[in-house]
Structure formats: structure tokens, C-alpha cells
Amino acid sequence: MAKKKILRFLATVIIGIGIICFLMSTALHDAFFYKTLTTEASPNNINRIEIKYKDAAFFGPNEVRIIIKQKNHIFHKVKRYDSKIFNDGGRLESSNSQIKWENDNYAIIILDGAEQKPEIIEVRFESEILITFQ
């Protein structure tokens, strides 16, 4: 009986440590491998959109992560969207992305590269963060 309790306790500790390590590794992965391309706040600084990227491997596309943050009274809601910019293996510059705020609750994101049509993403900040594509 005591052995079962000890084994259960050890299994719980090991699983807990595994979950903590996983969460830390994803946060560190974003911090060390993604570079900031563009960051914009809404007109009254209520909401924020960040566009981050990883350099292309050889002549492949650049991985792009869009992080959308919505402020609430107490909590911040965060939504992520992953995409790619096909820029002929070249480095991305600020001209490869645009964020246009219409108001505090509506923004248009444009991702553009040398080998692709512009990708247009609409973001609406309502009770939830809504993402649509044109």
C-alpha cells in the first residue's frame, strides 16, 4: 500500500516537471528563434499585434508568427496565427508586413513576399479575437 502511494506521488511529480519543462521550452523557443518584424498598437493603445519571423532555411519560406493581444478589464487575451512568407530565401524587412488599424477593434494585416500574392488577414476584437482571410 505504501509503495503504491510513493509510486503515485513520484509519477505525479515527474508529470508535473514534464509539463513545466514543456511550457518553458515553448516560451524560450519563441524568445530565441523568432525575431520581431513589426509591432503595432491600436490607436488608443488598447490592443496590440506583433509579427515575428524565423529566417528561411536556404531558399525556403520564412515562418511567420502573428501574436494578437487583446486587453480586457483584468486579463489579456492572446491568439497566435502561424503563416509563411515566400520571399525567395531573402531576409524579411519591415516592408514585407503591414498592420493597418481602422479603429481600436479592427485591423488589417498584410504579409507580402517576392514569390507570393499578398496574404490579407482581418482581425476583429470583440468578446473574442476573430481572424478572417480575404
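Just so it is clear, none of the values below were taken in a lab; they were calculated from the coordinates. As the structure is a prediction and not an experimental result, all values here were calculated from the model. Here Cβ is always computed from backbone atoms with ideal geometry, including for glycine, and neighbour counts include all displayed protein chains.
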Taking the Cα-to-Cβ direction at residue 100 and at residue 45 and moving 7 Å from each Cα, how far apart do the two end points lie in nm? 2.6 nm
Within the chain, what's the longest stretch lacking GluC sites (Glu not before Pro) that sit in DSSP loops with no more than 16 other Cβ atoms inside 10 Å? 1-92
Signed unit charges on C-beta, dipole axis of the chain, positive-most listed residue 37, 89, 68: 68
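Suppose R0 equals 35 Å; then what is the FRET efficiency for residue 133 and residue 21 from their Cβ-Cβ distance, rounded to the nearest 0.05? Write down the numbers at each step before the final one.
Working: r = 35 Å, r/R0 = 0.99.
Calculated transfer efficiency: 0.50.
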The size of the Cβ-based charge dipole (Lys, Arg +1; Asp, Glu -1) of region 31-133 about the Cα centre, to the nearest 20 debye, is 380 debye
Give me the base-10 log of I(q)/I(0) for region 52-134 at each q in 0.17, 0.19, 0.23, 0.25 Å⁻¹, Debye formula, one uniform scatterer per Cα, rounded to two decimals. -0.70, -0.83, -1.08, -1.20
Who wins for biggest fluctuation among 58, 33, 86 in a Gaussian network model of the chain, springs between alpha carbons below 10 Å? 58
Considering only C-alpha atoms, what is the centroid distance from region 104-134 to region 48-72, in Å? 13 Å
To the nearest 10 degrees, how steep is helix 2-33 against the longest Cα principal axis of the chain, on a 0 to 90 scale? 20 degrees
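Helix-derived [θ] at 222 nm for the chain: sum -39500 (n - 2.57) over DSSP H runs of at least 4, divide by residue count, nearest 500? Working shown, then result.
Numbers: 1 runs with 32 residues, N = 134.
Calculated from helices alone, the mean residue ellipticity at 222 nm is -8500 deg cm²/dmol.
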What residue among 56, 114, 11 has the largest mean-square fluctuation in a Gaussian network model of the chain, using Cα springs under 10 Å? 11
Residue with peak Gaussian network fluctuation, the chain [Cα springs, cutoff 10 Å], from 98, 70, 116: 116
